1. Mind checking which lysines have their C-alpha under 16 Å from K94, skipping anything on the same chain fewer than 8 residues away?
2. Which whole-Hz couplings ³J(HN,Hα) result when phi for each residue of segment 175-182 is put into the Karplus expression 6.51 cos²θ - 1.76 cosθ + 1.60, θ = phi - 60°, listed in order with x for Gly and Pro?
3. Using the Cα gyration tensor of segment 45-88, with a ≥ b ≥ c the square roots of its eigenvalues, what is the shape: rounded (a/c below 1.5), prolate (a/b larger than b/c) or oblate (neither)?
4. For segment 152-163, just list the computed ³J(HN,Hα) in residue order, Karplus coefficients 6.51, -1.76 and 1.60, θ = phi - 60°, integers in Hz, with x standing in for Gly and Pro.
5. Counting other Cβ atoms within 10 Å of each Cβ, which trypsin sites (Lys or Arg not before Pro) in segment 45-93 have at most 14 and sit in a DSSP loop?
6. With charges set only on the Cβ (+1 for Lys and Arg, -1 for Asp and Glu), what does the dipole of segment 51-94 come to about its Cα centre, in debye to the nearest 20?
7. Work out how far the C-alpha atoms of segment 12-65 reach from end to end along every principal axis, then list the three figures in whole Å, largest first.
Amino acid sequence: MSSNINIEKICHFCGKTFTAKTTTTKCCSDNCSKRLYKKRKRDEKINIAQDETKSIRNKEQNNLNEKEFLSITEVSLLFNVSRITIWRLCKYGKLKSVKIGKSKFISKKHIDILFGIDQNEKLIVEVNDENTTFLDRVDEYISLTDIYEKFNISSSAVYLLIKRNKIPKIKIGKEVFIKKHEVEKLFV
């Protein structure tokens, strides 16, 4: 049965305009139709492979979350950074590790300490050259950035006040913190 329909369409594969005789026609020629089919099948295989990779990574991630002690490689996979970065953190004492044989292992507690949190309550951690010491709760500290904004004062003036009054400060990453009651002494 022939059709009297003539519809202007755009080929889904090559993008050229053509006249279709049916409403379901997607391609301008048999070659474009075959190529579109192959492309669709190839994309399906790629999506399946990517889904498998994601599921394997999720399993590895779940396995890492269940472990209490992680190797350098596992920590690097957990944070998606290089192994050298983790070695460097251990070398400079920012991440405490234990060497057993030829391998180094890191406790999840020390990873939490690196980020300044504990499982039960949020803590700030000061990393000294010799050892790691816990300090008070986070809500007892205020960052210098917050002080600048709250009291509308320049950073150099705050640093001068801290130095002059010998107020202890704690640096975590790029942020510097001081105790709130010390701030109250300075500005109230």
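Where a number appears in this text, it was derived from the coordinates with a stated rule and is not lab data. Predicted, not measured: the structure shown is a model, and the values here were computed from it. Every residue, glycine as well, gets a Cβ built from its backbone with ideal geometry; the counts of neighbours run over all protein chains shown.
1. Counting by Cα, and skipping residues close in sequence, K94 has these lysines nearby: K104, K108, K109, K171, K174.
2. 9, 10, 10, 9, 5, 5, 5, 5
3. Because a/c hits 1.5 or more and a/b fails to exceed b/c, segment 45-88 counts as oblate.
4. Listing the rounded values in order: 6, 10, 6, 5, 5, 5, 5, 4, 5, 4, 5, 5 Hz.
5. Passing sites in segment 45-93 are K67.
6. Magnitude of the dipole: close to 340 debye.
7. Result for segment 12-65: principal-axis Cα extents of 58, 18, 15 Å.
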